[in-house]
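**Q** Okay, handing you the structure first.
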Amino acid sequence: MPGFEVLGIEERKAINKLFDEGGILFAHGFTNRRKKYHVREFERELAKKFNSKYSLPVSNGTSAIKIALKSLGVKPQDEVITQSFNFIATVEAIVDLGAKPIICDIDETLNMDIEDLKKKISRKTKAIIPVHMLGASCNMKEITRIAKKYKIPILEDNCEAVGGKYGTRFLGTLGDIGVMSFDFAKIITTGEGGAILTNKKKLYKYCKEYHDHGHQNNSKFPRGNDTSKIAGFNYRITELQGIIGKIQLKKLNFILSENKKRYQILDQNLSKYFKIRKIEKNSSQNFETYIIIEQDTKIRNQILKILSNYEYGTRNLPDAIKWHCSYYWKRAVGTEGVYNSKAANKLLKTCIAIPIWLSRTKSDYIKLSKKILDLKKK
Ligand SMILES: Cc1ncc(COP(=O)(O)O)c(C=O)c1O
């Protein structure tokens, strides 16, 4: 969440500079009018930061999922497995390609349930999309093992856990291809925006061409006479987003460490008294949300009241559950998808997701945990 909280003087200065350097141009061309290619630089810096061979900034996380699915060859009637706790974008991207979303249950990590994943695989399964929800990793070891066994590619939806890791690797780089979102509510932001990460040249090449009307950017020809092999679309970002993205990326380590301090305060104070979302053993979060699982409706409502009175709000649970649980998306997942989301809806309704705000100090989080603890002790 905090990307927008640290938008500041650096981004403003960079935008002014952009106007001196040629203005809000395409990410390509106009060589005589410009001094820099910011989107291309952002692309290289993303790849370097996340230790991925290739990266491609695109217009948003939703289009990133769609482009990545296309690169994996997903076609109408194919099945794509994803999880019930999610954001609707993932399912929309599947449906937009004419494919069928198959909804897999979640476990106490609030991410993909491994046993249910095994049950959901069929001969029609063309991809698996684990979604690292609210900053925390899925069980990538088991998901990778299963995917390998059945030779199904993995597309990691890492829109919500940018900066998180599984083992020593950044989330979004463990599967065949991964995506990130830089929309306004994400840990780093370009207003709207997203990116694709992959180590596979073939997938990168497809994504790069597809997101830019099929352009191959053939250096032998001017763009107006460029070569192409596939029919594409336009999912590019502008230099304006590219220049902001570069600065936000530099702020990521600071955001992660500040998030962690606030998260740990909540954890040290609350985890002895409340059931807390389970975190995968071998992973590190981006610490943007702290999730309590509370069965007692009365206590839950009292916590929500505190969060509302002190203007913390909640991070989608429970306030925006209808956009984050496939139980509510009959229009996209059909009756079967709703049925497969029943258990998740029951579990998610008991969750309270406390956002980590950088604009709130560490002592604010100490006070908040004390207020919440008082309820449990009463
Ligand atoms: C899990 C998940 N996937 C995909 C998206 C879509 O990203 P964007 O808003 O950049 O299109 C989001 C955004 O909230 C998300 O949370």
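**Q** Enumerate the lysines that Lys126 could reach by cross-link, defined here as Cα to Cα under 16 Å, with residues fewer than 8 away along the same chain left out.
**A** Hits, sequence-local ones excluded: Lys66, Lys70, Lys75, Lys100, Lys118, Lys148, Lys149, Lys151.
**Q** Find, among the GluC sites (Glu not before Pro) in the stretch 271-378, those assigned to loop by DSSP (not H, G, I, E, B) with at most 13 other beta-carbon atoms within 10 angstrom.
**A** Hits after loop and neighbour filter: Glu311.
**Q** If amide H atoms are built 1.01 Å from N in the plane of the peptide, which residues on other chains or at least 5 residues away come under 5 Å of the amide H of Gly163?
**A** Those lying under 5 Å, H to H, from Gly163 are Leu171.
**Q** Between Lys330 and Asn234, what length comes free when the chain is fully extended (0.36 nm per residue of separation minus the Cα-Cα distance, one decimal in nm)?
**A** 31.6 nm
**Q** Where the only charges are on Cβ atoms (+1 Lys, Arg; -1 Asp, Glu), what is the dipole of the stretch 252-377 about its Cα centre, to the nearest 20 debye?
**A** For the stretch 252-377, the charge dipole is close to 320 debye.
**Q** Taking the alpha carbon gyration tensor of the stretch 1-118, what are the square roots of 5 times its eigenvalues, largest first, to the nearest whole Å?
**A** Largest first, the stretch 1-118 gives 37, 19, 13 Å.
**Q** State the extension gain, in nm to one decimal, for the chain segment bounded by Ser359 and Asn301, taking 0.36 nm per residue of separation less the distance between their alpha-carbons.
**A** Roughly 18.4 nm would be gained on extension.
**Q** R0 = 22 Å: FRET efficiency of Lys261 with Asp374, Cβ-based, nearest 0.05? Present the calculation step by step, with values, prior to reporting the outcome.
**A** On the way: r = 23 Å, r/R0 = 1.03.
After rounding to 0.05, the efficiency reads 0.45.
**Q** So which of Lys141/Lys281; Lys278/Lys371; Lys186/Lys322; Lys36/Lys201 end up more than 21 Å apart, counting from Cα to Cα?
**A** Beyond 21 Å: Lys278/Lys371; Lys36/Lys201.
**Q** Still on this structure, I have one more. What nm value, rounded to one decimal, do you get for the distance between Tyr150 and Thr350 when each label is placed 7 Å out toward the C-beta?
**A** Each label point lies 7 Å from its Cα, and together they span 2.8 nm.
**Q** Something else now. HN-Hα J couplings of the stretch 344-351 from phi, Karplus 6.51/-1.76/1.60, θ = phi - 60°, integer Hz, Gly and Pro as x?
**A** Those phi angles translate into 4, 4, 4, 5, 5, 5, 9, 9 Hz.
**Q** Another question, if that's okay. Taking the Kirkwood radius as the inverse of the mean 1/r across Cα pairs, report the Rg/Rh of the chain.
**A** Using only Cα positions, Rg/Rh for the chain is 0.99.
**Q** How high is the relative contact order of the stretch 179-241, in percent, counting Cα pairs under 8 Å that sit 6 or more residues apart?
**A** Computed value for the stretch 179-241: 26 percent relative contact order.
**Q** Here's a follow-up. Normalised by the residues of the chain, what does the relative contact order come to in percent, with Cα pairs under 8 Å and at least six apart?
**A** About 21 percent, as a whole number.
**Q** Taking the stretch 1-88, which trypsin sites (Lys or Arg not before Pro) meet the DSSP loop condition and have no more than 15 other C-beta atoms within 10 Å?
**A** Passing both the DSSP loop test and the Cβ count: Lys35, Lys36, Lys53.
**Q** Can you sort Ser181, Ser228 so the residue with the fewest Cβ neighbours within 10 Å comes first?
**A** In increasing order of surrounding Cβ atoms, one gets Ser228, Ser181.
**Q** Further, regarding this structure: Two decimals, Cα atoms only, Kirkwood Rh: what is Rg/Rh over the stretch 217-373?
**A** Over the Cα atoms of the stretch 217-373, Rg/Rh equals 1.13.
**Q** Starting from the Cα of Arg34, step 7 Å toward the Cβ, then list every residue of the stretch 216-231 with an amide N under 15 Å from that point.
**A** Residues passing the 15 Å test: 217-218, 223-224.
**Q** Taking amide H positions as placed in the peptide plane 1.01 Å from N, state which residues far from Cys104 in sequence (5 or more) or on other chains have amide H under 5 Å from it.
**A** Residues meeting the amide H criterion: Thr82, Gln83, Ser84.
No value in this document is a laboratory result; all are computed from the given coordinates. Small disclaimer: the values here were computed from a predicted structure and weren't measured. Here the Cβ is made from the backbone with ideal geometry for all residues, glycine too, and neighbour counts use every protein chain on show.
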